[in-house]
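Below is one structure; the comments refer to it alone.
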Amino acid sequence: HSTKAVAWEPNKPLVIEDVEVAPPQANEVRIKIVATGMCHTDLYILFESMKKESFPMILGHEAAGIIESVGPGVTEFQPGDKVIPLFISQCRECRFCKSPKTNQCEKGWIETQHVLKDSRFTCKGKKIEQFAGTSTFSQYTVVNQMAVAKIDPSAPLDKVCLIGCGICTGYGAAVNTAKVEPGSTCAVFGLGAVGLAAVMGCKAAGAKKIFAVDINPEKFEKAKVFGATDFVNPKDYDKPISQVLAEMTNGGVDYSLECVGNVEVMRSALESCVKGWGISVVVGWTELHDVATRPVQLIAGRTWKGSMFGGFKGKDGVPEMVKAYLGKKLLVDEFITHNMTLDQVNDAIELMKHGKCIRTVLNPFPQ
């Protein structure tokens, strides 16, 4: 039995419940969640996409923990291992896993869409949907071994949990997907955890100018910590932000990254790129609207691409990012603005809804 924050229905507060977590079956592991971050995608599922058929559900997908038990056939992990669950699996066998071009995996939860009858969670006689194959707003979760990364045993779990989503997503979008070059000019739209990680990635790649773009000026001080050189608030101008940036950069930036999940902002980010070689990466998650631009934007030589989990293959990339943090080459602590217990999950949701936090880390096992 495990304490979990259950989303019984969309657009309602989560409820702390006692949930039964089945033992791991073949190729599965049961993980004790030591720390879990709250990511905006959790809010998106709860308040924006609101697909009725997905509820009841346990949210949370950015976490770190310790293997509690393993099912038959699991050789890669043993009880006591420190791990980060992955919402993008790495089976190492499908055509995507075998290609260096992508981190998509054919065996992932998106493809196999865990149906309710397969869920390892039961509460009040009802099966509870597992979100992103992880469901980390809980004391224990059960995950397929393809979707778990083993990390350095010395890593502090209450910090590195953020490497399970936000930090890899933003940082990798800059270094792996955009492939930002030294001496280049970048613009990052949206300065939540993902945007700040993108700023950090641009800096690590050697960008000389990094424009941080947000309508909340309170985010600018934080962006400076991660390497932003210039700050632009679209609300300060009476012309489109793409025009503002073009005027500041002799025609547009070399790279732009949209870290909001808003199709209008995606368009602005593309159109802020310089013609000829500008690259714009869509990082923010949304499935609700089409994204649009005039074809001439692309005909003129801009590239529009997307990035999931920063292009990192989970089992390979996550342990490396944890090592980079332990080697002081990656900022992680600076993202954490609040620490709470799991039963304060609704307070954490309110903070994020109103832009009052960067990351809140929740502890499912308060002392």
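So for HIS1, HIS61, HIS338, HIS40, what's the accessible-area order with a 1.4 Å probe, most first?
Values: HIS1 150, HIS61 10, HIS338 50, HIS40 85 Å².
Per-residue accessible area, sorted high to low, gives HIS1, HIS40, HIS338, HIS61.
So what is the accessible area of the stretch 12-138 per residue, in Å², with the probe set to 1.4 Å?
Values: 5660 Å² over 127 residues.
Accessible surface, normalised per residue, equals 45 Å².
Once neighbouring chains are kept in place and the probe is 1.4 Å, which whole percent of the accessible area of the chain is contributed by carbon and sulfur? Display every interim value, and only then the final one.
On the way: 8270 of 15840 Å².
Exposed carbon and sulfur together represent 52 percent of the surface.
For a label point 7 Å from the Cα of THR341 along Cα→C-beta, name the residues of the stretch 12-40 whose backbone N is under 17 Å from it.
Backbone N within reach: 15-19, 33-36.
Place a +1 charge on the Cβ of each Lys and Arg in the chain and a -1 charge on the Cβ of each Asp and Glu, then give the dipole magnitude about the Cα centre in debye, rounded to the nearest 20. Don't skip to the answer; put the middle values down first.
Values: 41 positive and 40 negative charges, 153 e Å.
So the dipole magnitude of the chain works out to roughly 740 debye.
What distance in nm lies between label points placed 7 Å from Cα along the C-beta direction at PHE77 and GLU320?
Between PHE77 and GLU320, the simple spin-label model gives 2.2 nm.
Once the piece of chain linking LYS126 and ASP238 is laid out straight, how much longer is it, given 0.36 nm per residue of separation minus the C-alpha distance between them?
Working: separation 112, 0.36 × 112 = 40.32 nm, distance 5.28 nm.
Extra length from LYS126 to ASP238 when fully extended: 35.0 nm.
Report the Rg/Rh value for the stretch 4-118, based on alpha-carbon coordinates and the Kirkwood definition of Rh. Display every interim value, and only then the final one.
Details: Rg = 15.6 Å, Rh = 16.0 Å.
My calculation of the ratio gives 0.97.
Rounded, prolate or oblate for the stretch 201-260? Axes are the square roots of the Cα gyration tensor eigenvalues, ordered a ≥ b ≥ c, and the cut-off for rounded is a/c under 1.5.
Working: a/c = 1.99, a/b = 1.17, b/c = 1.70.
Oblate, because a/c is 1.5 or more while a/b does not exceed b/c.
Just to be sure I understand the curve: with the Debye formula and one point per C-alpha of the chain, what is log10 I(q)/I(0) at q = 0.07 Å⁻¹?
-0.29
Along the charge dipole of the chain, which of ALA155, GLY261, PHE96 sits closest to the positive end, that is, farthest toward it, with unit charges on the beta carbon of Lys, Arg, Asp and Glu (+1, +1, -1, -1)?
Final value for the positive-end residue is PHE96.
Mind putting a number on the dipole of the stretch 178-281 about its Cα centre? Charges go on the C-beta only, +1 for Lys and Arg and -1 for Asp and Glu, and I need it in Debye to the nearest 20. Please report the intermediate quantities before stating the final value.
Values: 11 positive and 12 negative charges, 54 e Å.
Computed charge dipole of the stretch 178-281: roughly 260 debye.
If you average over every viewing direction, what projected area does the convex hull of the Cα atoms of the stretch 27-74 give, in nm²? Could the numbers behind the result be given before it?
On the way: hull surface 17.4 nm².
Answer in nm², one decimal: 4.4.
For VAL291, project a label point 7 Å along Cα to C-beta. Then give me every residue of the stretch 186-208 with its amide nitrogen under 13 Å of that point.
Within reach of a label on VAL291: 189.
Only Cα pairs under 8 Å and at least 6 apart count here; give the relative contact order of the stretch 170-308 as a rounded whole percent.
Numbers: 322 pairs, mean separation 32.2, N = 139.
Averaging sequence separation for qualifying contacts and normalising by length gives 23 percent for the stretch 170-308.
Shape call for the stretch 170-308 from the C-alpha gyration tensor, a ≥ b ≥ c root eigenvalues: rounded (a/c under 1.5), prolate (a/b greater than b/c) or oblate? Don't skip to the answer; put the middle values down first.
Numbers: a/c = 1.22, a/b = 1.17, b/c = 1.04.
Here the stretch 170-308 falls in the rounded category.
The values are calculated or read from the model by the stated rules, or taken from the named source; none is laboratory data. What you are looking at is a predicted structure, and each value in this text was computed from that prediction instead of being measured. Here the Cβ is made from the backbone with ideal geometry for all residues, glycine too, and neighbour counts use every protein chain on show. Heads up: the accessible areas ignore ligands, DNA and RNA and are worked out on the full protein's heavy atoms, side chains in. Shrake-Rupley method; radii C 1.70, N 1.55, O 1.52, S 1.80 Å.
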